[in-house]
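Okay, structure first, notes after.
The values are calculated or read from the model by the stated rules, or taken from the named source; none is laboratory data. All of these numbers come straight from a predicted model, not from anything done at the bench. Don't worry about glycine lacking a Cβ; one is built from the backbone with ideal geometry, like all the others, and counts go over all protein chains shown. When the accessible area is computed, the model is the full protein with side chains, heavy atoms only, and any ligands, DNA or RNA have been set aside. Shrake-Rupley method; radii C 1.70, N 1.55, O 1.52, S 1.80 Å.
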Amino acid sequence: FSLPQIFQSKMVLQQNKPIKIYGTAYENITINAVLSGENEKYEETFNLLSGDFKISLPSFKFGTGYTLMVYVNDQIEIFNDVSIGEVWVASGQSNMAMSLNETSEYNTGLRVVNSDKIRFYTVGRNSLSSPAEYSDAYKWAYAKDSGWLNCSDETAKYFSAVGYHFAVSLNKELDVPVGIINCSVGGSNIRSWLPEDLNASDNIKRISENSVDMVNTPLSEKLSEKYKDFLDKYAQLEHYNINISGTKYEKPYIYFDADYEYSY
């Protein structure tokens, strides 16, 4: 079986709600999930059919130092230093993507909060959704996720400024661990970030009908010769092969230029 990248050590799970564990089973299996802390432990066994799965553990109270273990007979995944608290997604365009070190207050002496109870995760900014969708010549264009990072002087300055300030405020107000998942792309179509029911509203529909809708165009058609030329230009950048979101080496996501519509 496999789990999404966001299941990693140092991750934050949502408090006071059932904890969802999901992924893909490559055969029919019996899978075990164990979540344990200093004074509590819960273990459940699930029989799964091959294909995508979602299993549920009960809600846990906020805290730190948990361990999540998901295993079958010949495979075991262990995630240490797991926290339980508030998990929020920071999504959208450049207003959300703008990093803390791009703000005037940071550059005039903002004191960054250093805390292992505030954790950040930045989703790699990619035009195509997985490395497999890039041809061999363009594997370098896929941006890795940052992994879960404690809030510190080094990590916060490259994280979403809005996400950072929200996390600090929430942690101070509630006194629980806070995890922020930054999934934002500057210059993206705002419709990409709206729920389908909101897209159907009259006001949004009026705007949508006046724009080009490429959402249902196969990715293979989008990867045109023009796009490949664009990738080649980025290949000349000094750090093109160091493409990890949430670090000072993060390269801009690869995108089509202005006259080629693209929906994220």
**Q.** Spin-label pair Ser2/Asn114, simplified geometry with 7 Å Cα→Cβ offset, distance in nm
**A.** 3.8
Q: Equivalent ellipsoid semi-axes for the stretch 4-76, as square roots of 5 times the alpha carbon gyration tensor eigenvalues: give them largest first, rounded to whole Å.
A: 22, 12, 12
Q) What's the Cα-based Rg to Rh of the stretch 121-160, Rh via Kirkwood? A) 1.10
Q. With every protein chain kept in the model, how would you rank Met11, Met96 by accessible area, 1.4 Å probe, largest at the top?
A. Met96, Met11
Q: Kindly identify the stretch 49-150 as rounded, prolate or oblate by the Cα gyration tensor criterion: order the square roots of the eigenvalues as a ≥ b ≥ c, call it rounded if a/c is under 1.5, otherwise compare a/b with b/c, prolate if a/b is larger, else oblate.
A: oblate
